[in-house]
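*Asks:* Mind having a look at this structure? Questions to follow.
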Amino acid sequence: MTKRDLIDEVARLYPRYSHRDAEAVVNAVFGSMASTLRAGGRIEIRGLGSFIVKQRQGREGRNPRTGRIVSVPAKRVPFFKVGKELRLRVDGRPDEPESVRPSSSPVN
């Protein structure tokens, strides 16, 4: 799914809003997420997962074309950790394994 597909889906699900309004909403959400990550914050969306920023140390790398050693500077990179609910849904399993669910009959 692309950003355009997401905008189209929001416009379809909420017909009282114009396509331009749906685009503004999607852009506002993504913009807010980007500024939170830029500021070093953490984003957690229940049922989906969390976004954090990880610090990568500088290192020496190798140019694959020439084989020369090059310096790779330290950088901050966004990282997504999938939540349990999404992981189970993608795998096609129920949200909670049967063995963990409490039984409805009393134990004697």
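The values are calculated or read from the model by the stated rules, or taken from the named source; none is laboratory data. Bear in mind the structure is a predicted one, so any value in this text is a computation, not a measurement. Here Cβ is always computed from backbone atoms with ideal geometry, including for glycine, and neighbour counts include all displayed protein chains.
*Asks:* Criterion first (in contact (Cβ under 8 Å) with a residue 24 or more places away in the chain, in the same structural domain as A11 (by TED's automatic domain parsing) and hydrophobic (A, V, I, L, M, F, W, C)) does F80 satisfy it?
*Replies:* No: the conditions fail for F80.
*Asks:* Here's something else I'd like to know. Condition (residue is in contact with a Leu (Cβ under 7 Å, 6 or more places away or on another chain) and among the hydrophobic types (A, V, I, L, M, F, W, C)) applied to the stretch 61-82: is it met by at least one residue?
*Replies:* The answer is no; no qualifying residue exists.
*Asks:* Here's a follow-up. Here are the criteria: (1) at negative phi; (2) free of Cβ contacts under 8 Å to residues at least 24 places away in the same chain; (3) out of contact with any helix residue (DSSP H, G or I) (no Cβ under 9 Å at 6 or more places or on another chain). Tell me which single one G67 does not satisfy.
*Replies:* So G67 meets the others, but not (1).
*Asks:* Can you pull out every residue in the stretch 1-56 that is basic (K, R) and not in a helix (DSSP H, G or I)?
*Replies:* Answer for the stretch 1-56, where residues must be basic (K, R) and not in a helix (DSSP H, G or I): R16, R42, R46, K54, R56.
*Asks:* Right, next: Residue by residue through the stretch 30-64, note down the ones that are of a type in the set (G, A, S) and in contact with a Pro (Cβ under 7 Å, 6 or more places away or on another chain).
*Replies:* Looking only at the stretch 30-64, we keep the residues that are of a type in the set (G, A, S), and these are 31-32, 34-35, 39-41, 47, 49-50, 58, 61.
The one that is of a type in the set (G, A, S) and in contact with a Pro (Cβ under 7 Å, 6 or more places away or on another chain): G58.
*Asks:* Let me ask something else about it. As an exercise: evaluate I43 against (1) touching a Gly at 6+ places or on another chain (Cβ under 6 Å); (2) among the hydrophobic types (A, V, I, L, M, F, W, C); (3) free of Cβ contacts under 8 Å to residues at least 24 places away in the same chain and give the number of the one condition it does not meet.
*Replies:* (1)
*Asks:* Here is a list: F51, F30. Which entry is surrounded by 12 or more Cβ atoms within 10 Å (Cβ to Cβ) and either assigned by TED's automatic domain parsing to the domain that holds R89 or farther than 29 Å from L88 by Cα (or both)?
*Replies:* F51 is the lone residue from the list that is surrounded by 12 or more Cβ atoms within 10 Å (Cβ to Cβ) and either assigned by TED's automatic domain parsing to the domain that holds R89 or farther than 29 Å from L88 by Cα (or both).
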